[in-house]
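Structure record follows, encoded as structure tokens.
The values are calculated or read from the model by the stated rules, or taken from the named source; none is laboratory data. Bear in mind the structure is a predicted one, so any value in this text is a computation, not a measurement. In this analysis, Cβ positions are derived from the backbone assuming ideal geometry, glycine residues included, and neighbour counts consider all displayed protein chains. All accessible areas refer to the heavy atoms of the entire protein, side chains included, with ligands and DNA or RNA removed. Shrake-Rupley method; radii C 1.70, N 1.55, O 1.52, S 1.80 Å.
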Amino acid sequence: MRRWAAFSMMFVVSMIGLALVVPMGQAADAAKEMAAKYILATAKAARTVYVKGIVEDAKKGGMGLNEDWVKDDHSMMLPAQFVKELGKEIKEFELSLVGTDPLYASNAAKSAKEKDMLAELAKGKEKVLIADDGGTTVGMSADYAIVDSCADCHNKHPKTTKKDWKKGDFMGAIVVRLK
Ligand code: HEC
């Protein structure tokens with residue numbers, strides 16, 4: 001009987017342990033998902049303010065956009081570079097851009113899961129996707145060629161592998177990766 005008592009006790013204790021561990025695991029993921037959503041929303045808002053609030057005004061003052069803005073006193077960074085520069089300032093998580101046909105390797109999907117996510121976003125049903133990628137929470141916010149200049153500049157870029165971008169195309173996403 002004693003053995004039974006000990007066994008049942010162990011069973012109960014391990015069940016309580018399991019009950020504690022499982023929801024905690026889920027809670028952690030839910031918190032990371034929430035964080036990813038908020039970060040994407042903030043990054044998108046920052047880029048919009050940069051484009052509409054800063055670039056538009058600066059253009060009136062004679063400034064232009066130039067990928068090599070560092071070398072040119074009369075130009076400023078592209079919106080894509082602005083997002084990547086924000087990311088460089090952040091040590092706690094990764095913030096960047098990812099493309100279906102990226103100009104630079106650093107903007108390529110980092111895993112099979114990320115490729116799947118881009119393919120899913122390309123269908124156009126979702127604007128934001130969050131997924132677990134082997135313990136890293138990945139969030140993507142879809143990026144479309146909303147104006148002709150998105151397509152034009154990418155089509156003409158010396159590094160492009162795709163020259164038939166057109167207005168309305170799905171091009172990639174702002175990406176956040178939370179460990
Ligand atoms: C004047 C040129 C130019 C314009 C206009 C432009 N881009 Fe880009 N875009 C770039 C360059 C250059 C990069 C790579 C920046 C880097 O990684 O340093 C880039 C990167 C990207 C990326 C990351 C994947 C990749 O291709 O490397 C996406 C997605 C993207 N742009 C979407 C857009 C969208 C959407 C618009 C319009 C709202 C747009 N771009 C307008 C030049 C441009």
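Tabulated data
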quantity: Net charge dipole size for the chain [Lys, Arg +1 and Asp, Glu -1 on Cβ; Debye, nearest 20]; calculated: 500 debye
quantity: Kirkwood hydrodynamic radius of the chain, from inverse mean 1/r over distinct Cα pairs, in Å; calculated: 18.8 Å
quantity: Max mean-square fluctuation residue, GNM over the chain, Cα-Cα springs under 10 Å, options Met76, Met140, Met117; calculated: Met76
quantity: Nonlocal amide H pairs with Leu97, under 5 Å, H built at 1.01 Å; calculated: Val175
quantity: Separation between Cα centres of the range 104-172 and the range 30-46, rounded to whole Å; calculated: 18 Å
quantity: Contour minus Cα-Cα distance for Ala108 and Asn66 (0.36 nm per residue); calculated: 12.9 nm
quantity: Members of Lys59/Lys91; Lys127/Lys156; Lys123/Lys179; Lys115/Lys179; Lys125/Lys159 lying beyond 24 Å, as alpha-carbon distances in this model show; calculated: Lys59/Lys91; Lys127/Lys156; Lys123/Lys179; Lys125/Lys159
quantity: Contour excess over end-to-end distance, with Cα ends at Ile54 and Asp116 and 0.36 nm allotted per residue; calculated: 18.9 nm
quantity: Hz values of 3J(HN,Hα) by residue in the range 49-56 - Karplus curve (6.51, -1.76, 1.60), Gly and Pro given as x; calculated: 5, 4, 5, 7, x, 9, 4, 4
quantity: Heavy-atom accessible area order for Trp165, Trp4, largest first, 1.4 Å probe; calculated: Trp4, Trp165
quantity: Å² of accessible area per residue within the range 27-178, as computed with a 1.4 Å probe and no ligands counted; calculated: 58 Å²
